[in-house]
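K.L.:
Following this message is one structure expressed as structure tokens.
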Amino acid sequence: MNNRFKDLKLTGDPDKDFAALLIAHHEDLVFLAKTQLEYGGDRQLRQLAQRLEDETGKQISELKEWQVRSRQADYKAQPDQPPHGSGPLDRQAQAAPTSPSAPPASPPAPAGASAQPAANLPLVAGKVESVDTAQGKLTIEHGPIPNLNMDGMTMVFRAADPAMVRTIKKGDRIQFSADRVNGQITVTRIQKSR
């Protein structure tokens, strides 16, 4: 979990980075809560874990909805929102002398770009826990996903192609590839295990 959070690629946009980091943090909380619900025996801790899973799941959904909304062409920040680069930390950075030895920042990758072509992504073993055909989402219990520096866990994935969700049902053993697409962890390829 530490590596996943630490290695998250930031865009430099404070709003987008805040949302991405918070989603990663919340997904880790959900993983911990599900682990307690599956293996823990203490009633008080199980109740806390259930509340965490419910509340954090709602916050993840809100953040993901904002991510989708912020990518739309007609998205506008709130009228009273200060422009990017005008916060107190930005003013401190502008006042500080720049280091001549600092290398120039590399431009961020295009928002829609995938880190690797889908054919080159590793196949990961998993088990389908639930299918939401209306939203084009799958909940998958899976092993480590090397290209995302993600440990094995159970989480919700968006399907790159909604048609792939219709071929899968709860309980199916699968092999799948996943990558970040438009800032969301997305299943790019899926097949039933034999």
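The values are calculated or read from the model by the stated rules, or taken from the named source; none is laboratory data. Remember, predicted model here, so these are calculated numbers, not experimental data. Here the Cβ positions follow ideal geometry from the backbone for every residue, glycine too, while neighbour counts run over all protein chains shown. The area values use the complete protein model at the heavy-atom level, side chains included, leaving out ligands, DNA and RNA. Shrake-Rupley method; radii C 1.70, N 1.55, O 1.52, S 1.80 Å.
K.L.:
Rank 25, 142 by accessible area, highest first, at a 1.4 Å probe radius?
P.N.:
On the way: 25 85, 142 15 Å².
Largest accessible area first, the residues go 25, 142.
K.L.:
Another question, if that's okay. Starting from 0.36 nm per residue, how many nanometres of slack lie between residue 151 and residue 74 once their C-alpha separation is accounted for? Don't skip to the end; give the middle numbers.
P.N.:
Working: separation 77, 0.36 × 77 = 27.72 nm, distance 3.64 nm.
Contour length minus the Cα-Cα distance gives 24.1 nm.
K.L.:
Principal axes first, then extents: for the Cα atoms of the stretch 128-194, list largest minus smallest coordinate on each axis, whole Å, largest first.
P.N.:
Per principal axis, max minus min of the Cα coordinates gives 28, 27, 17 Å.
K.L.:
With just the Cα atoms of the stretch 27-76, tell me how far they stretch along each of the three principal axes, in Å, largest first.
P.N.:
So the extents along the principal axes, rounded to whole Å, are 49, 13, 9.
K.L.:
In addition: Whose amide H sits under 5 Å from the amide H of residue 172, counting only residues 5 or more places off or on another chain, with H placed in the peptide plane?
P.N.:
128
K.L.:
Using a basic spin-label model with each label point 7 Å from the Cα along Cα→Cβ, how many nm lie between residue 166 and residue 18?
P.N.:
Once both label points are built, they end up 4.0 nm from each other.
K.L.:
Can I ask one more? Would you list, by chain and number, the lysines whose Cα falls below 16 Å from the Cα of residue 169, excluding same-chain residues fewer than 8 positions away?
P.N.:
Answer for residue 169, where 16 Å is the Cα cut-off: 127, 137, 192, listed by chain and number.
K.L.:
Based on the Cβ-Cβ distance of residue 125 and residue 48, what FRET efficiency does E = 1/(1 + (r/R0)^6) give at R0 = 35 Å, to the nearest 0.05?
P.N.:
Details: r = 31 Å, r/R0 = 0.88.
Using R0 = 35 Å, I get an efficiency of 0.70.
K.L.:
Mind checking Rg over Rh on the stretch 1-62, alpha carbons, Kirkwood formula for Rh? Don't jump to the answer; show the numbers that get you there.
P.N.:
On the way: Rg = 13.5 Å, Rh = 12.5 Å.
My calculation of the ratio gives 1.08.
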